[in-house]
Structure formats: C-alpha cells, structure tokens
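Below is one structure; the comments refer to it alone.
Bear in mind that the values in this text are calculations on the coordinates, not laboratory data. Bear in mind the structure is a predicted one, so any value in this text is a computation, not a measurement. Cβ placement follows ideal geometry from the backbone for every residue including glycine, while neighbour counts extend to all protein chains displayed.
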Amino acid sequence: MLARDKVLVGDDPANVTFEREGVYTDQTTGKPVAATTRYTYHDCDDRYVVSFTRTRDLSATRMIDTIKGLKHIAAKLARFDGAYLRFVGEIEISRYRDGELVETHKDDAIWELMYFGHARSQ
C-alpha cells in the first residue's frame, strides 16, 4: 500500500516490482540480506520508487535462540531456522510523472526482516 496525505495512491500488488542490491549473508543468522531494497509502484503515468538503504544493524537474532526448554528441543528437531533482523538506514521516496522526476524525499528509517524458512542457495 502506498498513501500520501491520507489518500491512497496505490494498492495493486500487480503494479509492484522488487529489487535488491548488495546482497550478503548475515553472519549471526546465516540469512541473505540486501544492503538496498527497492520497491517500484507503476500505475499509468505515475511511478513511485521507495528505497531502503541499510547503514547498520540494530538486531540480528536466530529465533531458536530465544526458545527455552522442551519447545527449544522440538524446534531443533523440526529444523526451525527462523530469524529476525532490524536495520537502520535511509529511506528515499521518489515520484516520477511521464518518466520525469517530479519530487523526492529522504529521511532516516528503521525496518525489519522476519525470515521463517531456510535460506535458498544463491
């Protein structure tokens, strides 16, 4: 969903593309993480680009490490491999009209990634 001044700009997932740059493997969780994630929403004459660029990690946790007792044993037997990561960096939102940049905004941001499965081979 993309909104501006409490007005819905776009909510059709068919109009969204996703890119990632600078993919690396997080040392704590073993999960692939992107230094930059970018969502592009394209609808008729308008295109919005929302980019998150990581500066540093706030948290990187293997979920199984937070489980205790019998649940921990069960999670290990089930090969549970979930992870939670939280990042700090910059968000940039740009709006294009007929292919021309008409406005852009940047600010500090915090975002997170919850990864419940096993990492795929790159």
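Side notes on the structure shown:
- Each peptide among 79-89, 54-64 gets the average number of other Cβ atoms lying within 10 Å of its residues, and from highest to lowest they stand as 79-89, 54-64.
- About the Cα centre, charge dipole magnitude for the chain (Lys/Arg +1, Asp/Glu -1 at Cβ), debye: 960 debye
- Farthest toward the positive end of the dipole of the stretch 7-92, out of THR37, TYR84, VAL49, is the Cα of TYR84, where the dipole comes from beta carbon charges about the Cα centre.
- The mean sequence separation of alpha-carbon pairs under 8 Å and at least six residues apart, normalised by the residue count of the stretch 1-94, gives a relative contact order of 24 percent.
- q = 0.12, 0.14, 0.17, 0.22 Å⁻¹, the chain: log10 I(q)/I(0) [Debye, one scatterer per Cα]: -0.58, -0.73, -0.94, -1.23
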